[in-house]
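The values are calculated or read from the model by the stated rules, or taken from the named source; none is laboratory data. Worth saying up front: this structure is predicted, and the values here are computed from it rather than measured. Please note: Cβ atoms are built from the backbone with ideal geometry, for glycine as well, and neighbour counts cover all protein chains shown.
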Ligand SMILES: *Cc1c(COP(=O)(O)O)cnc(C)c1O
């Protein structure tokens, strides 16, 4: 129990759950069995694909699983290369490795923190089988440039929109522009089912391959029971999770509006406290960001900065749970190539030592935002 005079500790992320979610989940737990066992799953897939503007959707147990299915359906395997940004959560790269392919890491753009299209083009070889566009922290990749490169070389562009639900690119939803898109409904994401993900595409044959792979290799048109046509995977979402997803999807506009509002409140509070910072989440021309997680670059990017030790110390002391900006994957044990010095001029090495994610749960209060910014200011001085 927390004494009433104590300040609530501020979580960095948390789902927004109302009576609607409780009602749907309760209904699924009570009635969603037997011939009703897929009702919420079917509805979630249908409503989600409509919402993001893709023809087909397959609900999965995670975004990582959705990505694994999509890459497998594209036939990616040993000897193939997949181009990804160095700045990434490892989940984006793990399926590439599990399928036996080789991730090729390129730097990010300074402003968007997303993959740099010029470096993508320079990294293409005869072995390149896919380009993964991760919309980092809800910011958008330069999709026009990436799609142009993809079509010039005949290489599919895949969108990891795990952090970008509610982000739009020239009016189209993040995740609906590439050959396929994947989303995460992990407990930290804007729309949550606890754990869960979604695969979307407008390519019917890719959809059918993913559907078969996601269901232990059983083809939807197969009338025989327990009859796999290939060895697949088991990455399905449950009806109870889908019930939660249906309720969250009905509230998606509110959930995204609140995320954008939190980013604006942080901007306002940093300026009210006269704390000048280098950058916040970037909004490309013609784009609207879902602002999943307010992220701030405190100073000029610098691979040798030590500013975060004071900032995180100050945040911890004031009960604020913030998160570091993703370290470059080429600096982590599975992917480090033993040449970090050569890479230090990259933005993916220069930004993380001066950047962090600020608490962005929907129910954060204005007073709490003041407390977070105060903690950052004291920690920087
Ligand atoms: C959260 C996240 C994932 C993984 O999502 P899961 O649903 O946990 O598998 C993948 N990519 C990015 C960019 C993410 O933020």
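Observations, loosely collected:
- With respect to the stated conditions, residue 38 fails to be without any contact (Cβ under 8 Å) to a residue 24 or more places away in the chain, over 20 Å from the mean Cα position of the chain (by Cα), surrounded by fewer than 22 Cβ atoms within 10 Å (Cβ to Cβ) and more than 16 Å from the ligand (Cβ to nearest atom).
- Answer from 72, 66 - the residue that is assigned to a helix (DSSP H, G or I), out of contact with any helix residue (DSSP H, G or I) (no Cβ under 7 Å at 6 or more places or on another chain), touching a residue at least 12 places away in the same chain (Cβ under 8 Å) and within 16 Å of the ligand (Cβ to nearest atom): 66
- Residue pairs meeting the criteria (Cβ under 6 Å; at least 6 apart or on separate chains; first farther than 18 Å from residue 91 by Cβ, in the range 150-168; second away from the ligand (no atom under 16 Å from the Cβ) and in a loop (DSSP other than H, G, I, E, B)): 153/124; 156/179
- Selection of the range 98-115 for residues being under 24 Å from residue 213 (Cα atoms) and either surrounded by fewer than 19 Cβ atoms within 10 Å (Cβ to Cβ) or touching a helix residue (DSSP H, G or I) at 6+ places or on another chain (Cβ under 7 Å) (or both) yields 98, 99, 100, 102, 103.
- One residue stands out in the range 266-283 among those that are in contact with a strand residue (DSSP E or B) (Cβ under 8 Å, 6 or more places away or on another chain) and in a loop (DSSP other than H, G, I, E, B): the one that is nearest to residue 377 (Cα to Cα), namely 277.
- Taken together, the residues in the range 82-98 that are closer than 18 Å to residue 178 by Cα and either more than 16 Å from the ligand (Cβ to nearest atom) or assigned to a strand (DSSP E or B) (or both) amount to 4.
- Residue pairs whose Cβ atoms lie under 8 Å apart, separated by 6 or more positions or on different chains, with the first residue in the range 330-348 and farther than 19 Å from residue 301 by Cβ and the second assigned to a helix (DSSP H, G or I), are 332/90; 334/90; 334/97; 335/329; 336/330; 337/330.
- Verdict on residue 116 being under 25 Å from residue 279 (Cβ atoms) and out of contact with any strand residue (DSSP E or B) (no Cβ under 7 Å at 6 or more places or on another chain): no
- Test for residue 48: is it within 17 Å of the chain's Cα centre (by Cα) and either modelled with pLDDT of 95 or more or surrounded by 13 or more Cβ atoms within 10 Å (Cβ to Cβ) (or both): yes
- Where residue 95 falls short, out of the listed (1) touching a residue at least 40 places away in the same chain (Cβ under 8 Å); (2) in contact with a helix residue (DSSP H, G or I) (Cβ under 8 Å, 6 or more places away or on another chain); (3) within 27 Å of residue 138 (Cα to Cα): (1)
- Conditions (1) within 25 Å of the chain's Cα centre (by Cα); (2) part of a loop (DSSP other than H, G, I, E, B); number of the one not met by residue 315: (2)
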